[in-house]
Ligand SMILES: Cc1ncc(C[n+]2csc(CCOP(=O)(O)OP(=O)(O)O)c2C)c(N)n1
């Protein structure tokens, strides 16, 4: 069993530099280039809290299979300069097989990196850049690294053109000159061969863009929101595009306003969504209860970051599960979903919109910084998520004509009551957050409360969610169980365990509430060892599954807080340690 | 859908729902309800094209008593609910109703931003200088020496919030004051507020018989404003600052750009997806 990437014809590299060095730009170009060369890829980035001029790192992994996590260790570390790299060192695991590339004229490589035993090669980037008009070290290094990775020059050039599209023609042409000069100077003797061009056109998309796309595919045409890292890009992507679709985005004065604004717009009949991150979700909780009680469909995409409080805004964690599940006061059944990867952000958000609309309730979708701010080369998502195509398209049940007996909250067999939209004569009612009778008039009677509580719960628990509740891969007596973005490293750990002869299954939960308990118990079956993997301190999912009696008692937890990404190797170790102990 | 929005035969009582108000006998809010239904009848608005939005408080119960679409939300959030609705459905007449606690305390930030956003909404604040529904605590408009609340036994010691002054400073384009004891004047102001394109703020002095019985005196204290409605914010500010808080009528009205999304669909989601293709 190896702890290194086992991807054939691919590599994992990090590009680091101080602010303005162009590390992230180089990473974006490389990602676009590997995509054009026929590979899949994943580009993560890490930044400090500075607005401008801090340190930054781009982390790229590419290969011939879809890339779902960054792996364990970097094959290549490209240091454009070494200022402040110590702040990142723990995010840049290296070993004796790694290679550090540095500029021959740069300051010495920090000891903390050399301790890994990685090889070092000094290259004449600065000298080459100085020989070019307006030469840039990042572009020279990019050309050279591209050649060493076996990428065709035209893929690099196309990547640069696509990424630097907003720059002037002069900047672009100087940049291309630098890329070519680095490429030509590369000692490209040990190049892996490039993958062949894919049959289907692939996409280059970030998780936050994918969430925005899922929203509009689901029919969302109104968004109100307040900026917060790392959710803002969802909104930045949506604002101009909603207009093209005939919808709109309203920047609210705060999250209290944004959640209530989308309750208003949805009451008016327009599928509506907001995106936020931890502190914003806390502010929205009261409004979410209102949407549940008044049966007004709304979707909240919560791009998690390190918490509590303002925590670590620029880095990832999966620690908002508790508030998403349990934050609302009273008995307030609602949907909680979690995207399992960048491509899955499209499907999960689209599905969440359909479910919220159909069930007239709240859906909270958990993404996180790692998913949201990473980009990937993916196969385009399919037509309709998770087999929903076989069922009638998920949409709101709208009262179509005047019905003298229209009672907005009248219990129905499936708990979903037709919703009259303003403008429909004879459908008038008052949306109500107070407990109410079937007609909507406030009521404090026990019988009305019991009936409405039961209706609101039943419509969620009685619905057939189909196969989308989880993604299950592989076979075996060993089980890795996870949720959300931890799926990437878990799937890879399970695959590598299977490759090493330890039969391992992976289950990644996409629908966390209502928990599909029967289906989960069936999927768990009689697994001999079970490890629940998540990126938070207090094992929030593990505790939740136990509280729902959805886990055998021998299940164990592997919960580790962020911001360092989960690595397949640590998951493998956590599972096999247990496995060995059980056998002795 | 009836796009013209005109239903000629309705009278004020046709706009009343059959839900019985929870208000105490003699509450000023009854008169506000009555003025709302009269204004709707006067404007011949089709019931199904009107939406009454509120937060929480005695006054916020009003939507349930009007036979139109309505939304009874949570404390302080009526304006965002109404703004979202109006942004999504510009075709509707959206009227927001609430109390002084709802609007100026917990909802204070939304009040400021609703004034400056200038969406085409009518905002009626039934001001009784007290929290009615939670049984008699000081509100932002309560005088500093009112010591009857158990929470502030020595009074608030704070200068009261001046709703009209703040609305003006925040950029509201229509500011008026009415009195529950002057139903005709109130109805007229409501009609003007609803007709005003933009954010119309109407402060209604609405006595609370239960917790502020001394407000019965208001009928002797109110008086018509001696200033003609102005569109000059400096003149309006001078008047409002000197005013005793009891001057009734339209105080300030100005044509300002109205916030409204105007988007025609020119693309499909499939068009948007092309940007991701390599
Ligand atoms: C978040 C929240 N905090 C507090 C309350 C309790 N509460 C209900 S009504 C109210 C005040 C109502 O006063 P006002 O808005 O002046 O209206 P009135 O009842 O006087 O018409 C308060 C504080 C609540 N419902 N929600």
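The table that follows gives values for the structure above.
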| item | result |
| --- | --- |
| Ordering of B:18-31, B:209-222, A:408-421 by packing [mean C-beta count within 10 Å, highest first] | A:408-421, B:18-31, B:209-222 |
| Top of B:139, B:34, B:17 by mean-square fluctuation, Gaussian network on chain B, Cα under 10 Å | B:17 |
| Inter-label distance, nm, simple model (7 Å from Cα along the C-beta direction), residue A:446/residue A:549 | 2.6 |
| Computed label-point distance, nm, for sites residue A:127 and residue A:107 using a 7 Å Cα→Cβ extension | 2.3 |
| For peptides B:76-85, A:230-239, sequence by mean Cβ density within 10 Å, most packed first | B:76-85, A:230-239 |
| FRET efficiency, 1/(1 + (r/R0)^6) with R0 30 Å, evaluated for residue B:152 and residue B:223 via beta carbons | 0.50 |
| The stretch A:333-376 - Kirkwood radius from inverse mean 1/r over Cα pairs (Å) | 10.7 |
| Stokes-Einstein D (µm²/s) once Rh is taken as the Kirkwood radius of the stretch A:470-581 over alpha-carbon pairs, at 25 °C in 0.890 mPa s | 180 |
| Equivalent-ellipsoid semi-axes of the stretch A:11-185, from the Cα gyration tensor, Å, largest first | 22, 19, 16 |
| Burial ordering of B:151, A:520, A:481, fewest other beta-carbon atoms within 10 Å first | B:151, A:520, A:481 |
| Whole-number percent relative contact order across the stretch A:11-185, with pairs defined as alpha carbons under 8 Å at least 6 apart | 24 |
| Computed FRET value (nearest 0.05) for residue A:573 with residue B:267, which takes r as the C-beta separation and R₀ as 45 Å | 0.35 |
| For chain A, calculated [θ]222 nm from helices alone, where every DSSP H run of n ≥ 4 adds -39500 (n - 2.57) | -11000 deg cm²/dmol |
| Gyration tensor over alpha-carbon atoms, the stretch A:36-118, equivalent ellipsoid semi-axes in Å | 23, 17, 12 |
| Sorted by Cβ neighbour density within 10 Å, fewest at the top, the residues B:154, A:478 | B:154, A:478 |
| Angle in degrees between helix A:207-218 and the longest Cα principal axis of chain A, rounded to the nearest 10 | 40 |
| Ranked by how many other beta carbons lie within 10 Å on average, peptides A:19-27, A:88-96 from highest | A:19-27, A:88-96 |
| Rounded to 10°, Cα long-axis angle of helix A:232-244 versus longest principal axis of chain A | 70 |
| Relative contact order %, the stretch A:40-95, counting alpha carbon pairs below 8 Å whose residues are six or more apart | 32 |
| Shielding by partners - mean other protein chain Cβ count within 10 Å, residues of B:184-191 | 0 |
| Residue mean of other protein chain beta carbons inside 10 Å, B:265-272 | 5 |
| Average Cα contact separation per residue, chain A, under 8 Å, 6 or more apart, as relative contact order % | 12 |
| P(r), alpha carbons of chain B - 10 Å bins starting at zero, rounded % | 7, 29, 35, 18, 6, 3, 1, 0 |
| The stretch B:80-229: radius of gyration over Cα atoms, expressed as a fraction of 2.2 N^0.38 Å | 1.06 |
| Residue among B:158, B:52, B:133 with the largest mean-square fluctuation in a Gaussian network model of chain B, springs linking Cα atoms under 10 Å | B:158 |
| Between the stretch A:357-414 and the stretch B:209-268, the Cα center-to-center distance that results, in Å | 43 |
| Nitroxide proxy distance, nm - points 7 Å out along Cα→Cβ at residue A:522 and residue B:277 | 4.0 |
| Calculated SAXS-style log₁₀ I(q)/I(0) at q = 0.19, 0.22, 0.23 Å⁻¹ - the stretch A:327-440, Debye, Cα scatterers | -1.06, -1.23, -1.29 |
| Residue-span extension gain [residue A:254 to residue A:564] - 0.36 nm each, minus C-alpha spacing | 108.6 nm |
| For the stretch A:202-237 and the stretch A:244-296, distance of Cα centres in Å | 14 |
| Percent of Cα pairs exceeding the 46 Å cut-off, where the set is the protein assembly as shown | 35 |
| FRET efficiency estimate (nearest 0.05) - Cβ-Cβ, residue A:329 to residue A:86, R0 56 angstrom | 0.80 |
| Nearest 10 degrees, 0 to 90: helix B:233-242 Cα axis against chain B principal axis | 20 |
| Whole-Å distance, taken between Cα centres, linking the stretch A:7-66 and the stretch B:50-81 | 51 |
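The numbers here are math on the coordinates, done by the rules we state, and not lab data. For clarity, every value in this text was computed on a predicted model and none was experimentally measured. Neighbour counts are summed over all protein chains in view; Cβ atoms, including those assigned to glycine, are modelled from backbone coordinates with ideal geometry.
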